[in-house]
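The values are calculated or read from the model by the stated rules, or taken from the named source; none is laboratory data. It should be emphasised that the depicted structure is a prediction, and the values quoted were computed from it without experimental measurement. We place every Cβ from the backbone using ideal geometry, glycine too, and count neighbours over all the protein chains shown. The protein model used for the area step is the full one, side chains on, heavy atoms only, and it has no ligands, DNA or RNA in it. Shrake-Rupley method; radii C 1.70, N 1.55, O 1.52, S 1.80 Å.
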Amino acid sequence: MESVLRGYLLEEVVAWLLRSSGYELLAEADDKETNPVHRVLEKRHNGLAVRGRGAWHQADALGEFRYVPPFSLPVRLFAEAKFTGRNVGLPTVRNGHGIVHDVNENVVTSLYGSAPSRPRPRYRYNYAIFSTAGFSRDAQEYALAHQISLVDLSMPDFAGLRNLVSVAARRVHAVLDALPPKQRPQAYAIRSHLRQRLLALVDDHAYMRHSPDSQPRLPSALAEPLDEVAGQLSSRQTAGLVLAFPSAPFVLGLASENLRAFVDYARRNPTHTVHLRRLPQGASHPVWQVRPADEPGAYAMTFSLPEQVDSWIRAQEETVNDRARWIKRNVLSTMTVYWLDGEHALTFQLRYAPEELRR
């Protein structure tokens, strides 16, 4: 189905965009364990799989952040993208929670046979779902309760990105329909082609790790729209995406037409105060804008706030100021943004102005 294909391509694009946040896609070669019993990553005919306590799980887009939070394990993130005409419901979020719970519960042992014990790498797995049509209320409530991050891509800032992926998926789907069934490549081969093109733009080593050994080359009619996606992303013709980590059980996807302006300002001011206000934009969920308090024209970024939090801010007009202060102080007082600069991960902190959230 074309909608499924759109989701596959969107996952590859999102994973590539998140590289600026220190997110690196994993391949089977990243598992350095030599004993098969202890390996947690495995390449299968439909892509990468990761071992859980009770089963192996397909991991179409699984990456690891290059920075490790204090007093924590290295963080790995499943990225799932949905490009459909209706919002993501509870079953998708519940499935994500089931996967990440099983993987985090995987039994870890360093003893086998008569060999001495030794420390083995451990990781903290998280799950994020990206949607072009938002999320249902019960999906949001379940996600917030179980720390599944929901990132809304329905904002106007992502219109160019949505159109880029949609057009490419439509063209690829049309070519697939015209091919005899036995000549149609698997979805994994299509994803692998786009992933290789994107990774080759920035990292030759990653390109080699993700290069499929036995996948045939795609017909030029299929490869062309995928190559055009990579070309447009490399020329920055769509909005950039960076993750922000508030003091809350979710992450925020900050969008900007000019991420370089944000990075240039943040380099000069690693910790700075920002203003936050709601925008009258049409999207699946309320859209908020972030600007630096001292130089409002230096940069602007937008994000979509989980609806439960936003509706709480707007509820009961007579007490909205107190509620806004509570949100600012306890949930959104500081957002941390990590930016990968070569081999170094830079940390920026965005602190809210000592005034009420502006409507």
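With the structure loaded, tell me whether D310 is assigned to a helix (DSSP H, G or I), at pLDDT below 90, open to solvent by less than 20 Å² (accessible area, probe 1.4 Å) and of a type in the set (D, E, K, R) or whether it fails that test.
Working: assigned to a helix (DSSP H, G or I): yes; at pLDDT below 90: yes; open to solvent by less than 20 Å² (accessible area, probe 1.4 Å): yes; of a type in the set (D, E, K, R): yes.
Judged against the criteria, D310 is a match.
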(Q) Could you go through the stretch 51-65 and let me know if any residue there is out of contact with any strand residue (DSSP E or B) (no Cβ under 7 Å at 6 or more places or on another chain), under 19 Å from Q186 (Cβ atoms) and in a strand (DSSP E or B). (A) no
Q: Could you tell me whether the stretch 62-74 includes any residue that is in contact with a Phe, Trp or Tyr (Cβ under 9 Å, 6 or more places away or on another chain) and polar (S, T, N, Q)?
A: no
Q: Residues being crowded, with 18+ Cβ neighbours inside 10 Å and either modelled with pLDDT of 80 or more or of a type in the set (S, T, N, Q) (or both): count how many of those fall in the stretch 313-341.
A: 5
Q: Assess whether D31 counts as being in contact with a Gly (Cβ under 6 Å, 6 or more places away or on another chain), open to solvent by less than 40 Å² (accessible area, probe 1.4 Å) and either over 25 Å from V165 (Cβ atoms) or among the aromatic types (F, W, Y) (or both).
A: no
Q | In the stretch 251-290, the residues that are open to solvent by 10 Å² or more (accessible area, probe 1.4 Å), touching a Pro at 6+ places or on another chain (Cβ under 9 Å) and closer than 14 Å to L350 by Cα | A | N269, H272, T273, H275
Q) Which residues, taken from the stretch 221-243, are modelled with pLDDT under 90, small (G, A, S) and in contact with a helix residue (DSSP H, G or I) (Cβ under 9 Å, 6 or more places away or on another chain)? A) S234, A239, G240
Q. Taking the stretch 108-146 on its own, how many of its residues are within 22 Å of L26 (Cα to Cα), at pLDDT below 90 and either open to solvent by less than 30 Å² (accessible area, probe 1.4 Å) or not in a loop (DSSP other than H, G, I, E, B) (or both)?
A. 0
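Do you know which residues across the stretch 65-96 are touching a Ser or Thr at 6+ places or on another chain (Cβ under 7 Å) and surrounded by 18 or more Cβ atoms within 10 Å (Cβ to Cβ)?
If the condition is that a residue be touching a Ser or Thr at 6+ places or on another chain (Cβ under 7 Å) and surrounded by 18 or more Cβ atoms within 10 Å (Cβ to Cβ), then K82, F83, N87, V88 are the ones that fit.
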Q.
Would you confirm, using the coordinates I've provided, whether V37 is closer than 17 Å to V151 by Cβ and touching a Phe, Trp or Tyr at 6+ places or on another chain (Cβ under 7 Å)?
A. no
Q: Within the stretch 260-274, identify whether any single residue is at pLDDT below 90, among the small types (G, A, S) and either in contact with a Phe, Trp or Tyr (Cβ under 9 Å, 6 or more places away or on another chain) or closer than 30 Å to Q140 by Cβ (or both), and answer yes or no.
A: no
Q. Could we say that S166 is in a loop (DSSP other than H, G, I, E, B), small (G, A, S) and either open to solvent by less than 20 Å² (accessible area, probe 1.4 Å) or in contact (Cβ under 8 Å) with a residue 24 or more places away in the chain (or both) here?
A. no
Q) With V100, V68, V40 as the choices, which residue is farther than 23 Å from A244 by Cα and of a type in the set (A, V, I, L, M, F, W, C)? A) V40
**Q.** Condition met for S149 (in contact with a Pro (Cβ under 9 Å, 6 or more places away or on another chain), polar (S, T, N, Q) and at pLDDT 90 or above)
**A.** yes
Q: Assess whether E295 counts as being modelled with pLDDT under 75, over 29 Å from A139 (Cβ atoms) and either out of contact with any strand residue (DSSP E or B) (no Cβ under 7 Å at 6 or more places or on another chain) or in a helix (DSSP H, G or I) (or both).
A: no
